[in-house]
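Notes to accompany the following structure.
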Amino acid sequence: MDMQTLSEHDRRDHPAADWTRIGMIVPSSNTVLEPVTARLLHGMDGTVSAHFARLKVLEISLSEASRDQFSRAPVLAAARQLVDAKCDVIAWNGTSASWLGLETDEALRAAIESETGIAATTTSLCFRDAYQALGVTRLGLITPYTDDVQSKIVANYEAMGLPVVAERHLGDKGNFSFAEYSGDLVADLVRAVAAHGPEAISVVCTNFRGADHAAALEAELGIPVLDSVAVTLWGCLRRAGVDTKPLAGNGRLFSL
């Protein structure tokens, strides 16, 4: 019998340096985020992979219990798991700062980077970067959230100097239930908001099917339609120094 053990060096024919790894911290009750991210990454032809750690999130409201879901310790524990996958960037893939305030994600990004030594970002910070990149000054807003959460988001955007000219929301405090609304319903909400003349429309929630028709809606309406999952991926790729243009078919933002 001819037996031969290859050296460790010889066996490693696809070294880690050959592809980019994106780590994402995901709300535990999300079911949309991961498959949508995987679908969007098909355009990268295997040069980028996404890896996930979960953070317990069951409800979106302004209650203290809901706020406690996003406390720093469990987020950092999830981030430490992603260090083991040698990720090139780590993202909090959730929109909590849209109602809690962007400063919470600024502090969280710094804490993740300090804890892990890895570049970090968040969905809300990626949205801010997207608005700046696209030159957006009037926004349309779609969410599945409750009245009080929506009001907080609108107020926070206006404090950023980005007025919301029209919005629609579903009054749901989910979080699992957000995935039960179809992409067709989200598209109808986008069309209703577009009638009020925003320069871009944001679908804010990473467990909502905003990516399903985003590119088609952009072609129909002539303005960017920014889905949270897609925006987070765009921001992660940029943070990792990866050209996003191969994904341009998924929305105008990726062409920048």
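The values are calculated or read from the model by the stated rules, or taken from the named source; none is laboratory data. If you're wondering where the values come from, they're calculated on a predicted model, not measured in any experiment. Note that we place each Cβ from the backbone using ideal geometry, even for glycine, and neighbour counts take in every protein chain shown. Accessible surface areas use protein heavy atoms only, side chains included; no ligands, DNA or RNA. Shrake-Rupley method; radii C 1.70, N 1.55, O 1.52, S 1.80 Å.
Quick notes
- Across segment 197-205, rounded Karplus estimates of 3J(HN,Hα) from the backbone phi angles (6.51 cos²θ - 1.76 cosθ + 1.60, θ = phi - 60°) give x, x, 7, 7, 10, 9, 9, 9, 2 Hz, Gly and Pro being marked x.
- The magnitude of the dipole of the chain, with charges of +1 and -1 set on the Cβ of Lys/Arg and Asp/Glu and taken from the Cα centre, is near 200 debye.
- Across every direction, the projection of the convex hull enclosing the Cα atoms of segment 34-172 has a mean area of 9.1 nm².
- Charge sum, other residues only, whose C-beta stays under 13 Å from ASP88's C-beta, Lys/Arg counted +1 and Asp/Glu -1: +2
- Near PHE52, the amide H atoms lying under 5 Å from its own belong to MET24; only residues 5 or more places off or on other chains count, and H is placed 1.01 Å from N.
- The chain, helix-only ellipticity at 222 nm - DSSP H runs n ≥ 4, -39,500 (n - 2.57), divided by all residues, nearest 500: -12000 deg cm²/dmol
- Annotation: segment 57-101 has a Kirkwood hydrodynamic radius of 11.8 angstrom, from the mean reciprocal C-alpha pair distance.
- Accessible surface calculations at 1.4 Å, restricted to protein heavy atoms, place segment 178-256 at 35 Å² per residue.
- Shape analysis of segment 142-254 places it in the rounded category; the axes a ≥ b ≥ c from the Cα gyration tensor give an a/c below 1.5.
- Per residue, the convex hull spanned by the Cα atoms of segment 105-202 amounts to 122 cubic angstrom.
- Put simply, the amide H of ASP227, placed in the peptide plane, has neighbours under 5 Å in VAL203, leaving out anything fewer than 5 places away on its chain.
- q = 0.13, 0.17 Å⁻¹, segment 1-106: log10 I(q)/I(0) [Debye, one scatterer per Cα]: -0.60, -0.87
- 3J(HN,Hα) couplings calculated from phi for segment 46-60 with the Karplus curve 6.51 cos²θ - 1.76 cosθ + 1.60 (θ = phi - 60°) are, in sequence order, x, 8, 9, 10, 10, 9, 10, 10, 10, 10, 5, 9, 10, 8, 10 Hz; Gly and Pro show x.
- The ratio of the alpha-carbon radius of gyration of the chain to the globular-protein estimate 2.2 N^0.38 Å is 1.04.
- Assuming charge only on the beta carbon of Lys and Arg (+1) and of Asp and Glu (-1), the dipole of segment 52-121 about its Cα centre is about 220 debye to the nearest 20.
- For the set VAL75, VAL165, solvent exposure ranked by accessible area (probe 1.4 Å, protein chains only) runs largest to smallest as VAL165, VAL75.
- FRET efficiency for the pair ALA16 and SER71, taken as 1/(1 + (r/R0)^6) with r the Cβ-Cβ distance and R0 = 30 Å, rounds to 0.40.
- Estimated translational D of segment 165-226 in µm²/s (Stokes, Kirkwood radius over Cα pairs; 10 °C; 1.306 mPa s): 134
- Placed amide H near GLU59: partners under 5 Å, 5+ positions off or other chain: ASN175
- Percent carbon-and-sulfur accessible area, the chain, ignoring ligands, DNA and RNA, probe 1.4 Å: 50
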